[in-house]
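First comes the structure, then the notes that go with it.
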Amino acid sequence: MTTGSDLIAQLERLGDEFAAVIAPLADEQTIRAAQAQFLGKKGQVSEVMKELGRLPPVDRPLVGQAANRVKDTIAAAVDARLVALAAARRAADLARTVDVTLPGRPCGGGHLHLLTQVRLELVGIFAELGFAVAEGPQIETDWHTFEALAIPKDHPARDMQDTFYVADEIVLRTHTSPVQIRTMQGHPPPIRIVAPGVVYRRDDDATHSPMFTQIEGLVVDEGVRVSDLKGVLLHFVNRFYAGSGGGLDVRLRPSYFPFVEPGVEIDMSCRFCRGGGCRLCKGSGWIEIGGAGMVDPDVFAQVGIDSERYTGFAFGMGIERMAMLRHGVNDIKLYYEGDLRFLDQF
Ligand code: DAH
């Protein structure tokens, strides 16, 4: 027959056992699990207490007191163990030494993309001549892109600039020339701007991409002449291709663009053979770098500028092409692929 003192002895044994169980445990989770095994609803202390009902009532209070003592002992043991573990962790942290004299891990420096470098350089060169930078949207109206530049809907010049239509009258601009229109609409002459930016066309081969960048130039003032255009272009090619040793010439070859009259292709003397003729310039000694011309009076009429008083010139060049010619890049896709073996060279 179980007596009160039997139960008290069992409870005290549980207290001792618990101390032995948690002594080797090193993390809070397993310590709490052990605590539950002893003190939980189905824990060992509860098991012992189930016997309480069988005791004569006079013995019960002493057993109850013993049970409370065991619970306190177990709780105190848990606390003490957790405090000891935390102290040990902190001591280990403090004991760790850090060698502050070790060299840092190198992290490679990045740099601007070649096209960005070239664009900023171009803007800088034209800034030397007093040009400001103008910008326009890449998603442009058909009117700014074509109509206002004297390229009506049925004009054959549209075939060379097939593009992506966002809506009936909204296109991805095929050239930076619409910035001419926006600038002239927004500012009275004198105007002297360059407009670098992204353009889109239905083109795709080693030297053409559906997305590429151009730089446009526009000067409008009284007395602006073709010789001014040529002077600006001469300055530009000799600054941009300075590595060629200077003395590069520019040739304006009659051509047709609807928004200029006369219109020209801009050729510069081949910087590789210096006019002698080589594979790059196909033996001609000249390399084409863009289009230009004197602003057509029809265009002035569209934007309300008096063509009796003002004249102007405009030009447009491809930035990828200029960088290709200077750095010997032979595939336009290299610019956009993000391959560091290419990008790191510049
Ligand atoms: N916008 C033309 C193109 O992308 C290039 C051009 C030609 C621009 C003549 C001009 C210009 O400003 O006067 O093909």
Open to solvent by 50 Å² or more (accessible area, probe 1.4 Å) and under 30 Å from Leu11 (Cβ atoms): is that true of Ala127 in this structure?
no
When restricted to Arg81, Arg69, Arg54, the only residue in contact (Cβ under 8 Å) with a residue 12 or more places away in the chain and open to solvent by less than 60 Å² (accessible area, probe 1.4 Å) is Arg81
Q) Would you say Val220 is within 13 Å of the ligand (Cβ to nearest atom), over 28 Å from the mean Cα position of the chain (by Cα) and under 21 Å from Val299 (Cα atoms)? A) yes
Residue in the stretch 257-267 that is under 33 Å from the mean Cα position of the chain (by Cα), within 15 Å of the ligand (Cβ to nearest atom), under 24 Å from Leu149 (Cβ atoms) and not in a loop (DSSP other than H, G, I, E, B) present:
no
Expected output for the stretch 295-318 (first residue in the same structural domain as Lys230 (by TED's automatic domain parsing) and β-branched (Val, Ile, Thr), partner open to solvent by 20 Å² or more (accessible area, probe 1.4 Å) and in a helix (DSSP H, G or I), Cβ below 8 Å, 6+ apart or cross-chain) is Val303/Gln185
Okay, helices (runs of 4 or more DSSP H) sitting entirely in the stretch 40-145 with 3 or more residues that are over 30 Å from Val232 (Cα atoms), I get 44-49, 60-95
Quick check: anything in the stretch 223-238 away from the ligand (no atom under 13 Å from the Cβ), in contact (Cβ under 8 Å) with a residue 60 or more places away in the chain, on the phi > 0 side of the Ramachandran plot and over 34 Å from the mean Cα position of the chain (by Cα)?
-> yes
Taking the stretch 1-51 and the residues there that are polar (S, T, N, Q) and under 29 Å from Arg89 (Cα atoms), the one that is least open to solvent (accessible area, probe 1.4 Å) would be Gln35
For helices (runs of 4 or more DSSP H) lying entirely in the stretch 268-346, having 3 or more residues that are closer than 18 Å to Ala150 by Cβ and within 16 Å of the ligand (Cβ to nearest atom) picks out 297-303
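The values are calculated or read from the model by the stated rules, or taken from the named source; none is laboratory data. All of these numbers come straight from a predicted model, not from anything done at the bench. Every residue, glycine as well, gets a Cβ built from its backbone with ideal geometry; the counts of neighbours run over all protein chains shown. Keep in mind that these areas ignore ligands, DNA and RNA; they rest on the heavy atoms of the full protein, side chains included. Shrake-Rupley method; radii C 1.70, N 1.55, O 1.52, S 1.80 Å.
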